[in-house]
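Written below as structure tokens is the structure these notes are about.
Coordinate-derived values only; no laboratory data. Here the structure is a predicted model, which is why all the values come from computation and not from measurement. Note that each Cβ is placed from the backbone with ideal geometry, even for glycine, and that neighbours are counted across all protein chains shown.
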Amino acid sequence: MSSDADVFAAYTTKTVDFRYRGASFHLGLSHGLFSSADVDSGSRFLLRFLSLIFDAAVKAGKPLPKTVLDAGSGIGVLGLAIGRTLVDAGNPGVAVRAQDRDELARVFSAQNAVRNGLGAGVFNAFTEKMLDGSEGARYDLIVSNLPAKAGSPVLANFFHRSSRMLTAGGSVAVVIVNTLADSARKWLRDADAPILAEETGIEHTVFVYGESRAPGKEAASDPYLRTEAEHELESIRYAIRALHGVADFTEPSRAVAVAAKLALKLGVFARVLVHEAEQGHFPVFLASAARREKRSMPDFVICGRNTLALEAARDNTAACGAQAVTVPVADFGLCAEQVSADFGNFDLVATFPDIVPRTDRFTDTWKGAAKVLLPGGYLVIAVSSSDAARFDKLKTTDFTRAGDLKRDGFRALAYRRK
């Protein structure tokens, strides 16, 4: 079985030292996550501003926060720095919830907490969308380095919901790029959330705001919905309901297109595992092909890092009438044994891996495929032509080549497990 520590070791591409309010942190970074070179300037700016707020609270004899939500935690720097500050201040009962939609980010948040002495009693990390989690939970402090690429509906929803998730006297502190500062002010007005403090720097603006004065006001429905459209692969038409924060929202990727063509040549499958399905084009294509040919639907297990992508792929596949369950995994190869233990084995595994610089995960992909495939089952991988050549050179004796297609700089390879 793999562990978070295994994934952390495989994906850590740099370690850095960071100091905050007299405490030293040793942090692992990854090219697979935001801010891979150092702690980013936005997080540093927000933490400096929060330090002033903590000092003012102590001087005025006001209590420091106990319950903290780090929304979109990344490597965990905000939650770790704040958690350490609150614990070192002798504040009993501190509880930090770090959340990120990326399973790899959850691993890094959790492992950076372990290596910096903040245990599960203080710091806990979860794979979930921003502001999701315990139903009805309220926090003394919510912090976030808001992602500029999240999309306006998602960001507007964050300001609306976060201002309704505070304890009495609680606050939200966010940092956002200056180009979105005016939009943030509008979103706060629309949320009826009072701005308690504001500071503009060279690249970023910090907003601190309080509980909404209209707590019963409903948020806009489904802020993640981006488009609903029909698509076609290999003369098979299907529909996709695309979400913000997930790739392939306008059309299937070239990797999916070449994999779909190859999959049709391989035959009919009963149990399918799809790794990194994004909006779900590949499983929806297979389900639509089965429906057109009036044969039994495959059962799907969909795994990957992005919980939003898992949600999109699951719902789009289910809309075709197929059974689909999802499981967050940070790395296919390292997590394959657990997937097999939980869901059994498959006669088709299709993987569309996101290649992370300065990591080489193909050897473990081969090992993982051997663990989850039934004898006689097929592995299909679709990546760039250069990455496909590297993958093929590492082929193990458990597999024989069963197919090879190239299109537009991408290559799909199929292998049959002996």
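Structure notes:
- Phi-based couplings in Hz for the stretch 228-237 (Karplus 6.51, -1.76, 1.60; Gly and Pro marked x): 10, 8, 8, 9, 9, 9, 6, 6, 10, 9
- For the stretch 225-417: relative contact order, % (alpha-carbon pairs under 8 angstrom, 6 or more apart): 20 percent
- Working note: 222 nm ellipticity from helices only, DSSP H runs with n ≥ 4, each -39,500 (n - 2.57), summed and divided by the residues of the chain, gives -10500 deg cm²/dmol to the nearest 500.
- Taking θ as phi - 60° and the Karplus parameters 6.51, -1.76 and 1.60, the scalar couplings of the stretch 96-112 work out to 10, 9, 9, 9, 8, 6, 9, 4, 5, 5, 4, 4, 5, 4, 5, 6, 5 Hz in sequence order, x denoting glycine and proline.
- Ranking 212, 187, 238 by Cα position along the charge dipole of the stretch 175-249, where only Lys, Arg, Asp and Glu carry charges on their C-beta atoms, puts 212 farthest toward the positive end.
- Listed peptides 191-203, 401-413 by packing density, highest first (mean Cβ within 10 Å): 401-413, 191-203
- At 1.002 mPa s and 20 °C, Stokes D of the stretch 144-282 from Kirkwood alpha-carbon radius, µm² per second: 120 µm²/s
- Here the Kirkwood formula puts the hydrodynamic radius of the chain at 22.7 Å, using every distinct Cα pair.
- The modelled label-to-label distance for the pair residue 181/residue 213, using points 7 Å beyond Cα in the direction of Cβ, is 2.4 nm.
- For the stretch 4-209, diffusion coefficient by Stokes-Einstein and Kirkwood Rh (Cα), 20 °C, 1.002 mPa s, µm²/s: 126 µm²/s
- The value given for the stretch 19-83 is a Kirkwood hydrodynamic radius of 13.1 Å, derived from the mean inverse Cα-Cα separation.
- Relative contact order of the chain, defined on C-alpha pairs under 8 angstrom at six or more residues apart (%): 12 percent
- Prolate/oblate/rounded call for the stretch 209-306, Cα gyration tensor, a/c under 1.5 rounded: prolate
- Put a dot 7 Å past the Cα of residue 397, heading toward its Cβ, do the same for residue 37, and the two dots end up 4.6 nm apart.
- Listed residues 61, 30, 105: farthest to the positive end of the dipole of the stretch 15-151 (Cβ charges): 61
- Farthest toward positive dipole pole in the chain [+1 Lys/Arg, -1 Asp/Glu at C-beta], among 313, 403, 298: 403
- Fraction of beta bridges assigned by DSSP in the stretch 17-160 that are antiparallel (%, nearest 5): 25 percent
- Database remark: amide H of residue 66 closer than 5 angstrom to the amide H of 140 (H placed geometrically; neighbours at sequence offset of 5 or more, or on other chains; Pro and chain starts carry no H).
- Under Karplus coefficients 6.51, -1.76 and 1.60, residue-wise ³J(HN,Hα) of the stretch 292-304 in Hz, glycine/proline x: 4, 8, 6, 10, 4, 6, x, 8, 10, 10, 10, 10, x
- Interchain or long-range residues, amide H under 5 Å from residue 306's placed H: 103
- Full extension of the chain between residue 114 and residue 407 yields a length gain of 101.0 nm, computed as 0.36 nm times the residue separation minus the alpha carbon distance.
- Look at where the Cα atoms of the stretch 365-418 and of the stretch 58-88 average out, and the two centres are 46 Å apart.
- Three-way shape label, the stretch 225-417, alpha-carbon gyration tensor, a/c 1.5: rounded
- Looking at the chain alone, DSSP beta bridges between its own residues are antiparallel in about 50 percent of cases.
- Rounded to the nearest 20, the size of the Cβ-charge dipole of the stretch 4-209 about its Cα centre is 380 debye, with Lys and Arg at +1 and Asp and Glu at -1.
- Placed amide H near residue 123: partners under 5 Å, 5+ positions off or other chain: 96
- Highest mobility in the GNM of the chain, judged by mean-square fluctuation with C-alpha springs under 10 Å and restricted to 167, 307, 365, is found for 167.
- Listed residues 252, 223, 92, most fluctuating in the chain (Gaussian network, C-alpha, under 10 Å): 92
- Our note on the geometry: Cα centres of the stretch 11-51 and the stretch 206-277, 31 Å apart.
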